[in-house]
Structure formats: C-alpha cells, structure tokens
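Below is one structure; the comments refer to it alone.
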C-alpha cells in the first residue's frame, strides 16, 4: 500500500527536529541543596504582660532567602516573608520567661540552622490599668547613610511605668525598643526617599500614648541619582468630615501646576491649577465619606517640568473628625 505523502515527508523531519532539539538543549540548573546562613543579631524584648518583640538581621543564601520562621520553646509559631525582620509574639503568659530562635529558608525549602536562642520575660499583669502613658516629645530623626536612620526623643511618663516605645512609619509599626530607651536605629530604608516617623509609648497593660509629632527625613540618594523632588512640609487636618492638606511644592525651576494626592498608597486625585499656582504653601481640601475615626495615610508628588512625576512626600496620617 502506498503511504500518504504527508506522512512519508513528516516522519524524517520530525526525527530531525527531535535530534536537533536534544543536541541543543541546555542542561538543567543544578539542584539547590545549600541552606541559608542562620540569622544573627536576634533580640527579644518584652513589651507587656503578654507580648514580646523579636528582631533579627537578614540571613544570606547562595540564591535568595525567601522567608523566616520564628520558634518559641522549639515550636514554630510564625512564618514571615524575607522582607520582614521583626515580629510581635502575642498571647504569652505573664511574668514568664520565653525562649525564641529564628530560621531562614530559601525557595528550594532548605532551612538554615537555628539562630542563637534569646530569652525575654513577660511583665506582670497590671490590674485595672487603663491610663495610657503621656506622649513622647521632641522626636528627632537623622539619616544614617542611604538606608538607615537614628531616632531620638524625650521620655514619656506613666502612672505605673513605660515598658516599650513603638516606632511608626506611614501609620505602620516598624520597630520597638524597651521603655528604658529613648533612641532607635531603623534600617531597611530606600535611598533618596522621604520618610516620616512617629513614636508611641506603651505600658504593661498595652495602653498606648498618642502619636508624637512626626519627624521627617530624606535618606541620602544613591550615587549618581538626581536630587529628591518631593513636596515638603506636608500637614493635614480634619474637621466636619473633610481633610485639608497643606504643603510646599518642590523647587523645579518652573511653576508646579499638578500634584497627585494618594491615600493609603493609592491614587486618589490630581490637584491642578489652571493658571499660575499660588505663591508659597499650597492648600487643598476634600470631603471624605468614611466614618469618624477612620485613618488615612496621605502622600503627595508633583509633576516635574519634563512631564514626569517626582518623588513622594513624607507621609502624614489623617484621622476623620
């Protein structure tokens, strides 16, 4: 029987393609069997009768660290992404010594040896303490190169005692130090970026003070990077379910006619002056629909003369009134 022409032509061609593909195929990457290094610099600080704040330095890996696991008394209690180098362990027994270790892992599932064991003793439970500490004052922030900052403040007071200070950036807690400290070293920042920090004092009953006045700083730019173009002096107030924002536009060599307003990290609106913008500080007021007590993180950026958008301002927190 005569074979179909297509079949008789395709069979050798398919064989040729198969042989060519096998000859040119790249070898698969070697299996990843190397575990990350153990995290170092682990610390544990009791913040109350039931919480401990655990921090550590980043581990290293021949490819990449993808996460961390925190252990208490040898039992894994938290899994965290590689970008997180601190956590609060809650629900602990009061006046009890607790032990913690941290391990790093990579994408292949390799786990580092445990870190050195650190201990912290939770505080005694305070009965009927509902009075928060006073607000920390005189907060100052100084950049430490392009990726870190040092904060200093004046101590708060409490009717029992201050047990911890919590550092916030953009309304998110990023660091905790003992109540005896009035300084904090914050790492993991980005070069050439504007930040705003606040500090709250906390007591053993988990009562927290009001936010301190914010302290702004801009980290040093990366080598060769252009200067920061963020609006400065951002301030927000709220009344009658409206929010008023005031700021100083950046110096760009030309009038700044457009600003983008972002709420909680998302674009909200573009503020446009149809003619020459007002001299000095700018002001914008807008209504909000959310109920009183709702918190917003407000940031701004300006449109530059070349049509691109500049750097974001340091954030401010607005509470709906």
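The values are calculated or read from the model by the stated rules, or taken from the named source; none is laboratory data. What you see is a predicted model; the values in this text were computed from it and never measured. Here Cβ is always computed from backbone atoms with ideal geometry, including for glycine, and neighbour counts include all displayed protein chains.
Considering the conditions (1) surrounded by 14 or more Cβ atoms within 10 Å (Cβ to Cβ); (2) more than 26 Å from residue 186 (Cβ to Cβ), residue 239 is excluded by exactly one of them, (1). Residues in the stretch 275-293 include none that are closer than 20 Å to residue 226 by Cα, assigned to a loop (DSSP other than H, G, I, E, B) and not assigned by TED's automatic domain parsing to the domain that holds residue 169.
Put simply, of 72, 50 the only residue that is over 18 Å from residue 111 (Cα atoms) and either crowded, with 17+ Cβ neighbours inside 10 Å or assigned by TED's automatic domain parsing to the domain that holds residue 103 (or both) is 50.
Consider residue 107 carefully, then state whether it is farther than 16 Å from residue 164 by Cβ, in contact with a strand residue (DSSP E or B) (Cβ under 6 Å, 6 or more places away or on another chain) and in the same structural domain as residue 199 (by TED's automatic domain parsing).
no
The set of residues from the stretch 46-72 being modelled with pLDDT under 95, outside any loop (DSSP other than H, G, I, E, B) and more than 20 Å from the chain's Cα centre (by Cα) comprises just one member, 46. The residues of the stretch 136-157 that are closer than 18 Å to residue 216 by Cβ and part of a loop (DSSP other than H, G, I, E, B), listed by number, are 136, 144, 145, 146, 147.
Looking at 220, 164 in this structure, which one is touching a residue at least 12 places away in the same chain (Cβ under 8 Å), in a strand (DSSP E or B) and within 20 Å of the chain's Cα centre (by Cα)?
Every option except 164 fails the conditions.
Per the listing 232, 198, 193, the residue uniquely farther than 17 Å from residue 311 by Cα and surrounded by 15 or more Cβ atoms within 10 Å (Cβ to Cβ) is 198. Among the residues of the stretch 89-110, those identified as closer than 15 Å to residue 71 by Cβ and surrounded by 14 or more Cβ atoms within 10 Å (Cβ to Cβ) are 89, 92, 98, 100, 101, 102, 103, 104, 105.
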